[in-house]
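Read the figures in this text as sums done on the coordinates, not as results from a lab. This one's a predicted model, so the numbers in the text were calculated from it and none came from an experiment. Positions of Cβ are backbone-derived with ideal geometry, glycine not excepted, and every protein chain shown enters the neighbour counts.
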Amino acid sequence: MSANEWGDGYPQVAQQAAPPQAPALAAENQYVRTADPALSGYEPEFLDEVEDLPTYRPTVGCIIPAYNEAETIAGVLDSLLMQTRLPDVIHLVVNNTSDDSVEIASHYAGPHTRMTPTGEQSTIIYVHDIGKNPEKKVGALNYGYSLVEHMDYLLGVDGDTTPEPDAVENLVNEIASDDRIGGISAIYSIDDSALDGWMAKFLIAGQRAQFAAFNMQNLLKGRNMAVLGGQFSIFSTQALRDVLRDSHQRTPWVSDSEVEDSLLSLQIKSAGYLTKISARARAHVGGMDTLRSLDAQQVKWNFGAIDLMWPGQRGDTKGQPFHPNLRLRWFEHMSMVINIVSRSMFILLLCASLQLHAFVFSAWWLIPPLGAVWLNYRVARSMEFANRRDYLFALLVVPAEAYMVIRMGHFVRAWLKFFSRQQTDNWAAQAKAERGKGIAWMYPYLSFALFFVVAGAVWVFLLPIPLRSDILAVCWPILGVITVLQTAWMIIKAMKRYRGFKA
């Protein structure tokens, strides 16, 4: 080989090929070269330099849509600044606000640096007041997306959600570990500290149990999450760009649905990505502490889910009844129908039997409530931050049953609202309810009361006694079959192993 064949810039050293009859000698010479003391001495320094080489750190842009969050926004920003992995930038997008959210948040605007277990980290907080925004939260989210779409991940945080200190780090590590994941939701719980009044404590305990049961269902189903809740979720911006392309949208979030996060989750799944719930990241969301505000929130959620589930085209929204992300929704709604039927039948048949003096108590009737208590207890045990109030809610029977009745009212009102095709702004209704206005939350309970009064009047004044006896003879066995199936299903759920997951 000539020297010119080595190219410019390389040592011009002539080499002589080892003779074919001396392979052992060539190997020995090679070993001697690699074992050069000078090279061996350089090895530790070389490895140290490799260790010091910078590694790629994914960029995370945080968006906080805020509407009248003066009471909570400082706590949210404080919790983000205390993260073990700071977002690279935090954009607070205030919209349609009438309180001091902007003034309070402005004290946090600017760069922030803190020492974390992995070294010094920095972030910058920007406060944007976009004024009147007809698309409300959807418009704020899309405004924020336009500011961080160049980054690797988008972290969406509600203006009343406080994450645990390692929540962002866990979400980033999980989503960066698998390119198939389009988004990951944190495990949500509700902070029940600083509550005033027995009603607020009761409602928050019910919501905590509801969230825990929902979280555990998703954790046990391969951590597949039907809804990437906007309270605290991270999204791959590449997945969002693919959604824009596949759905022919200009923005990731659209106002077609009452539950913008559910619709986006469906679109991410349809684009070929996975939607997951985190195994470790946790966040505490704001709860509804009045019957009025809880009704508005739950009706909005149920109405939006029905709108996505029901087949047919409604404006720009097309129902997707067979979408895999909606299977759990269908199951929840069918379970609620069975709960309404079984409880209504029991009350009616019990009153009718007492009226005819035909009531006979059986100890077997204690099995369904005991099964419910066992299941509720397992749910309470599964909570990462369970407290005495959670266990009392599960064990005393009456609180859990009362909360189920409240949920039944939300369910009925949402379906009636859907079939009546009312053109109402459920976002505005929720905001109105949170201000303590509106009486729509009372309609389901007044309707139930009216139904039972009418049924009682028909039973007493219009039906002959032989017909009443025949009705009881037919309906009690039907209720018995329904109750046996419900109880068996509760016991099966209560016997499930949680495989180390905590809700």
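On a 0 to 90 degree scale, rounded to 10, what angle separates helix 167-176 from the longest Cα axis of the chain? Value to nearest ten degrees: 70. A Cα-only calculation for the chain places Rg and Dmax at 30.4, 117 Å. Each of 448, 344, 359 was scored by the projection of its Cα onto the charge dipole of the range 328-494, and the greatest displacement toward the positive side belongs to 448; charges sit on the C-beta of Lys, Arg, Asp and Glu.
A Cβ-based charge dipole, computed about the Cα centre of the range 60-289 with Lys and Arg at +1 and Asp and Glu at -1, lands at about 760 debye.
Summary value for the range 60-289: 25 percent relative contact order, contacts being C-alpha pairs under 8 angstrom separated by 6+ residues.
Considering all different alpha carbon pairs of the range 328-494, the Kirkwood hydrodynamic radius works out to 18.6 Å.
Taking the Kirkwood radius as Rh and the Cα radius of gyration as Rg, the range 60-289 has a ratio of Rg/Rh equal to 0.95.
Expressed to the nearest 5 percent, the antiparallel share of DSSP beta bridges inside the chain is 45 percent. Mean separation of Cα pairs under 8 Å and 6 or more residues apart, divided by the residue count, gives the range 328-494 a relative contact order of 41 percent.
With axes computed from alpha carbons, what is the tilt in degrees of helix 37-52 against the longest principal axis of the chain, rounded to the nearest 10 within 0 to 90? With both axes taken from Cα atoms, the answer is about 30 degrees. What the Cα atoms of the range 44-197 give is an Rg and a Dmax of 17.3, 66 Å.
Quick one: compute the contact order of the chain, relative version, from alpha carbon pairs under 8 angstrom and 6+ residues apart, as a percent. Dividing the mean separation by the residue count of the chain yields 14 percent. Think of it as helices only: each DSSP H run of n ≥ 4 in the chain is worth -39500 (n - 2.57), and spread over all residues that comes to -17500 deg cm²/dmol at 222 nm. About the centre of its Cα atoms, the chain shows a dipole size close to 3260 debye [charges on the beta carbon of Lys, Arg (+1) and Asp, Glu (-1) only; nearest 20 debye].
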